[in-house]
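Nothing in this text is a laboratory measurement; each read-out follows from the coordinates by a stated rule. None of these values were measured; they are calculated from a predicted model. A quick note on method: Cβ atoms are made from the backbone with ideal geometry, for glycine too, and the neighbour counts reach across all protein chains shown.
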Amino acid sequence: MVPPSIRRITGALVFQLDTPLTLLLLLSLTIFSAILVIPLASLLAKPATGISMDVVRGLLEYPYVAWPPLGEWVISVDRGDHKLVILRFKDMGIIPNTLIIAFSVTVLATLIGVLVAYVSARYEFPGRALLRILSLVPLLYTPFVNAFVAYKIFGDNGILYNAMIWFNLGYALEITYIAGVILAQTMMFWPIVYLNTLAALLQVDPSLEEQAENMGARGFRLFRSVTLPLSLPGVAAGAGLVFIFSMEDLAAPIAFKVDRVVSREIVRAIVGSRDIEALSVEVVILAGLLLVSALLWFIAVKQYVSLRQYAMIVRGGRWKPRVTRPGLPMYIVIYLAVFPLVVFSMLPQLGVLVYAFSGSWLGVLPSGFTLDHFRELLRDPNVISGLRNSVIYSTIAITLIVVISTTIAYVVSRVRVIGVGVLDLLATSPLAIPGLSIALGLVILYSIGPFKGSFLDPFSNPAVLIALAYSVRKGPFTTRAVYAGLQQVHQALEEAGMNMGASRSRVLFTIVLPLIGLNVMAGAIVSFVYCMTEVSTSIVLGALNPAQAPITYVIYEYVTAGYGGGAFIHLAAAIVTLIMVLQVIAITISNYILKFRYAFLGV
Amino acid sequence: MAEVRLEGVSKYFGRFKALDRVSFTVKPGEIFTLLGPSGCGKTTTLRVIAGFEIPEEGRVYIDGVDVTFKKPYERNTAMVFQNYALWPHMTVFDNIAYGLKVRGYSREEIRKRVSWALELLGLKGLENRYPLQLSGGQQQRVALARAIVVEPKVLLFDEPLSNLDARLRIRVREEIVLLQRKLRITTIYVTHDQEEAMSISDRIAVMDRGRIVQIGTPWEVYSNPANVFIATFMGRSNVLEGVVVGREANGLYIVDINGLRVYGTSRESLGEGDRVKVVIRNEDAELLEEDRTSPNVVEGKVVRASLIGFAIQARLLLDNGEIIAIYLKNKTTINEGEKLRIYISPEDVKIYKSLETVEV
Ligand SMILES: Nc1ncnc2c1ncn2[C@@H]1O[C@H](COP(=O)(O)OP(=O)(O)O)[C@@H](O)[C@H]1O
Ligand SMILES: [Mg+2]
C-alpha cells in the first residue's frame, strides 16, 4: 500500500511530465542513488558492524589523537652567520590536525576573500578589472603540483630561506609541516570565498547601504552593521566550501610531509588494501566524519547554493552596485596589501609553469628553458594511458551529465510538485560532498555481495565507477548552466508547443533544447574540464587498478615519486600545464557563451 | 464546430481562489468573450480550457467530451498567446508548420496547408523570416496562422491585441472577426477592454474576482448590467447613493439622492427605505435647451469642461451638492460656470441595492 502523499506526488509528476521524461527522471534518480546516496549510506552504516568500545577508545589515542602534542611549534637554529626560524606547528594526531588545519584555513581564507571582494565590489580604482581577473588565477586546478611549488618557496631550504640568506638579514625563515599546509591551502582556497562574497555583494540592494549611511553609519561601522550581514550567505557558502576542500585536500599534506591528516589516512588505507575486509573500521569512521561535517555545512548554506539562488546570481546584480573612490588609507590597503596578496596567491600557478619549462629547479633559480618535458609526455606510456583513460571517462561522464542535468534542471524549473526541492538539493550537493567519502562509499558498496567480481567491482574494474562518479561529482556545473538557461525561456513558448499537440518531451527536444543548447554546451565544457582534473575518486579508485587509472592518478604518482624536485615533478608540471590551458580555454568559451560573470561561482 | 462547456470550475493557487465555480457554455461557432478587469481570472479560465491548469473542482467539456484531466496536447485547442509565444529559433514557415508536423502530415500536405494559412493572413513572402524580423502586427498574424492551420476545435485568444498600437488594434480585431466568420471555429476571446469585447463578440461573459457575474449579448450586457460593478465597468458612468422613497404603477422607482428625486428602473425588486446605488452613464444625459420642468430634469453648474473628441465632457455641480460627469454632443462651446439643464430618461437610470448582490 503506497502512502497517499507519495501517490499524489507521483500522480502529479506523471501528469506534468510524460513517459519519456519520467523515464529520464528515473534514470537520473537511479544514478544518484547508486553513486551518491546508497554508497554514502553504506559508508555511514559500515562502522555499525565493526565498532566496539575498543575502537572508540582507539580513536582517542595515537595516531588519531596525540596528547600531549608531539614535536615543536617553532624551531630556531643558530647557524653562526644567521638564525634560522622554522615555523612548524605541533602534531596533535589525525583528527585534531585535520580540524585545526581546516579551521585555520577557513578563517584566513575568509578574511582575505572578504577583504578582496569588498575592495573589488565597492571601490573604483585603477587596476580593478585586472584585480578581478588575477584573483581567478589561483582557482585554476593544478592538481598536486601547486602544493609542491608552495613547498619549494616556503619549505626546507626554500626560495624564501635562500632569499633571506642572500639579503644577509641575519635570520631566515622556513614554513613547513602543518604551518606550511595552512599557508598553502589558504593561498589555494581564498578565491572561493572571494567569488561567493563578490557575487553576494553585487546582489545587495545599494539603497540599503544608502539608508544606513543616511542614518549616520560610515566606514567600518557601515560595513560591519549592514554590508557584511547582507552578504553573509555568500561568505558562509564560500567558507563552507573551503572547510570541506581543506579537509579533503591531499596535495598540501603530501608536499609538506604531513602524514597525519584524515585525507591521507583514507587514501593510504585504501591504496594499501587488496580487498574490502582489510579496511580498518577506523578509516571508515574518519571518512564518515568527513562526510558528516561536509553535510552539516551544506545544510547550513543549502539555500544559497540551490539552483534557484544560483540562477538569480548569474544574472548579476539587478542594481548598479555602489562604488566609491577610496580614500588615502584605502588606496594604501589596496596597492600595498590587496594586490600583493593576490599576486602572492598566483605563485603556485606560476611555479607550475616554471617547473614545466625548466630543465631543473634545485636552487633558487631554475635553469635551462626547455620543451623536453612536453616531448617526453608524448612518449611516456603512463601518461598516454592516463590521458586516454581520463578522456574516455570524462566523455562517458559528460554524456550522462548532459542527460541527467537537463532532466533535473528541467524538472526543477518547470514541474510543480512537492519534492522538487529535494531534487534541487540532490543535484547541487555533490559540490560539497568530499570525493574521498564518495570514493570510499563506492569501494565499500561495490566490492561486496552480488557486486563482488562483477564489472562494477572496483578492485578489478574501477573504470565504470570512476566514470559514474565523475558524472555525479561534476554534474552540478552543467545543471546550473542549464537551469540558468531555462530561466530565460518563457514558459509560454513551451505551452504553445503543447497547445499545438506536442508532448512534453517533444517540446523539450524541438523547442527548449534548441533554445538553450548553448547553455548545455557551456555547462558541459566546464564539467568536462573538471572531470579531467578530478582528484579524490580518481586516486582512490585508480590505485586499485593502475592500468585503468586516469591522468590525475598519474600526476599523483609522479609527484610522490618526484619528492624533492626530481625529474618527475617537471613531468607532472608539464601535464598540469596542459590541464591549465584546457581550463582557460573552457572557461573563456563558456563565459563568452553564457555571458556569465561568475562561471566559477561556488566551485 | 465544437461546443465548450465549463461546469462549476474552481481553481486555487495555494489558498487563493482564482476561479470560483465558473460555469458557461460556448455555442458551436460563436465568439464568446471573457471580459473583466486585470486579475479577475480570465487567463486562468483560458488556461483551464487549454489544459495548462487542472481545476480543483468542476469539469470542462469540449464537444461533449470530458477533457478536465486531458493533457494540453490531447485537446486540440489552439491558443493565441498574449505575447504570441512564437518560437524564435524557427522561421515563420516552421512556426506555422509545427502543429502539422506533430500531427504527422506529409511534407506535401504541410506545404499546402501552411501556404493556405499564409495566404489567408497576408503573410506570403515572409515564410523564411524569423519572428524577431517581423513587426508586432506580423507576429500577431503568424501566431494566428499557427493556431488556425491545425483546424482546432476551439480557438483561444488571450488579449491578442494588447501589444499592438491603438490604430492597428481596431484593424486587427475586425480581421479576426472576419476570419472567424469565414472559418466558423468556436472562439473564446479574453480582453479587459469593454469596447473591444462589444465590437467582436456574439456573447460576453463578465468576470469579477474569479466569478462569472453576467452572460449575454453585448447589447444585453451593456443595456441591462446585472450589478453596479458591470454597470460601471461597461462604459463611463456616475454612481450616486440614495434611498428608495416610492414606486410608480409603471414599475419605475423613485429614489431620493441627497434631496434630489429621480425616477429609474431596477432588475431587482426594491422596497421603500432600501439604500441603493444609482448608476447613470455619461452619454445618457440629454441637454435641454428649453425651460422644462418634469421628472428627471436636473440643473447644474459646469465646474469643468473638456473636449474628448466626439463630445465635450462636463462635470456638473448639482443643486444637491453632488458632481456628475456627462458627455455633451452637438455642442461646440461650454463655459465653466454656465448653468445647464439636462434630462435623463428613467430607462437610463439603473438602480441597484447597495449591498452588492451577485447574480450568476
Ligand atoms: N500561477 C499562479 N500562481 C499564483 N497565482 C496566480 C497564478 N496565475 C494567476 N494567479 C492569480 O490569479 C488571479 C487571476 O489571474 P489571471 O487569470 O491571470 O487574471 P487575468 O487574466 O484576468 O488578468 C490573479 O490574482 C493572479 O495573481
Ligand atoms: Mg490575463
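Summarised as an ellipsoid, region B:120-275 has semi-axes of 45, 15, 12 Å, derived from the eigenvalues of the Cα gyration tensor scaled by 5 and square-rooted, with the largest first. Within straight-line reach of B:Lys153, meaning a Cα separation under 19 Å, sit the following lysines at least 8 residues removed in sequence or on another chain: B:Lys27, B:Lys70, B:Lys71, B:Lys101, B:Lys182.
Residues whose amide H lies under 5 Å from that of B:Tyr189, counting only those 5 or more places away or on a different chain, are B:Phe32, B:Thr33, B:Leu34, B:Phe157; hydrogens are built 1.01 Å from N in the peptide plane.
With a Cα-only, solvent-free Debye model of region A:48-121, what are the log10 I(q)/I(0) values at q = 0.11, 0.19, 0.21 Å⁻¹? Taking Cα atoms of region A:48-121 as identical point scatterers yields -0.54, -0.88, -0.94. Pick from B:Arg173, B:Arg211, B:Arg203 the residue whose mean-square fluctuation is largest in a GNM of chain B, springs joining Cα atoms under 10 Å. Highest fluctuation among the options: B:Arg173.
When the Cα positions of A:Leu44, A:Val482, A:Pro514 are compared along the charge dipole of the protein assembly as shown, A:Pro514 comes out farthest toward the positive end, with charges on each C-beta of Lys, Arg, Asp and Glu. What is the helix-to-structure angle for B:136-148, meaning the angle in degrees between its Cα long axis and the longest Cα principal axis of chain B, kept from 0 to 90 and rounded to the nearest 10? Helix B:136-148 sits roughly 70 degrees off the main axis of chain B. Here A:Lys83 is the anchor, and the lysines within straight C-alpha reach of less than 29 Å, apart from those fewer than 8 places off in the same chain, are A:Lys152, A:Lys257. Rounded to a whole number, what is D in µm²/s for region B:1-132 from Stokes-Einstein with the Kirkwood radius over alpha-carbon pairs (25 °C, 0.890 mPa s)? Stokes-Einstein gives a translational diffusion coefficient of 146 µm²/s. When the charge dipole of region B:121-252 is built from unit charges on Cβ atoms (+1 for Lys and Arg, -1 for Asp and Glu) and taken about the Cα centre, the candidate among B:Gly210, B:Gln139, B:Ile188 whose Cα reaches farthest toward its positive end is B:Gln139.
Put simply, the amide H of A:Ser358, placed in the peptide plane, has neighbours under 5 Å in A:Thr370, leaving out anything fewer than 5 places away on its chain. Rg and Dmax of chain B, both derived from C-alpha coordinates alone, stand at 24.5, 77 Å.
Taking a ≥ b ≥ c as the square roots of the eigenvalues of the Cα gyration tensor, an a/c ratio of 1.5 or more together with a/b no larger than b/c marks region A:312-422 as oblate. Give the shape of chain A as rounded, prolate or oblate, defined through the alpha-carbon gyration tensor: a ≥ b ≥ c are the square roots of its eigenvalues, a/c under 1.5 means rounded, and otherwise the shape is prolate if a/b is larger than b/c and oblate if not. Oblate, since a/c reaches 1.5 and b/c is not below a/b. Highest mean first, the peptides B:86-99, A:274-287 sorted by other C-beta atoms within 10 Å per residue fall in the order B:86-99, A:274-287. Spread over its residues, the convex hull of the C-alpha atoms of region A:354-505 is 223 Å³ per residue. For the pair region B:297-338 and region B:149-188, the centres of their Cα atoms are 38 angstrom apart. By the rule of a C-alpha distance below 14 Å, with chain neighbours fewer than 8 residues away ignored, the aspartates and glutamates paired with B:Lys353 are B:Glu241, B:Asp256, B:Glu268, B:Glu272, B:Asp274.
Across peptide A:63-74, the mean count of Cβ atoms from other chains lying within 10 Å of each residue's own Cβ comes to 0. Remark: mean inter-chain Cβ contacts per residue of B:46-52 equal 2, using a 10 Å Cβ-Cβ cutoff to other protein chain atoms. Coordinate range of the alpha-carbon atoms in region A:456-552 per principal axis, descending: 54, 23, 14 Å. Count Lys and Arg as plus one, Asp and Glu as minus one, and take only other residues whose Cβ is under 13 Å from that of A:Thr176; the net charge is then 0. Measuring how big region B:256-360 is from its alpha-carbon positions, Rg and Dmax come out at 14.8, 45 Å.
Applying 1/(1 + (r/R0)^6) with R0 = 22 Å to the Cβ-Cβ distance of A:Ile38 and A:Leu60, what FRET efficiency is obtained, to the nearest 0.05? The computed FRET efficiency comes out at 0.10. Ranked by the mean number of other Cβ atoms within 10 Å of their residues, highest first, the peptides B:291-300, A:195-204, A:539-548 come out as A:195-204, A:539-548, B:291-300. Where the centre of each part is set by its Cα atoms, how far does region A:340-400 sit from region B:224-239, in angstrom? About 80 Å separates the Cα centre of region A:340-400 from the one of region B:224-239. Taking amide H as placed 1.01 Å from N in the peptide plane, B:Lys27 has no amide H partner under 5 Å among residues 5 or more places away or on another chain.
Seen from B:Lys71, the other residues with C-beta closer than 11 Å to its C-beta sum to a net charge of +1, counting Lys and Arg as +1 and Asp and Glu as -1. Summing Cβ point charges (Lys, Arg +1; Asp, Glu -1) relative to the Cα centre of chain A gives a dipole of roughly 1520 debye. Please label the shape of region A:65-106 as rounded, prolate or oblate, based on the square roots a ≥ b ≥ c of the eigenvalues of the alpha-carbon gyration tensor (a/c under 1.5 means rounded; beyond that, a/b larger than b/c means prolate, else oblate). Since a/c reaches 1.5 but b/c is at least a/b, the shape of region A:65-106 is classed as oblate.
Its Cα gyration tensor gives region A:1-151 an equivalent ellipsoid; the semi-axes, largest first and in whole Å, are 47, 33, 14.
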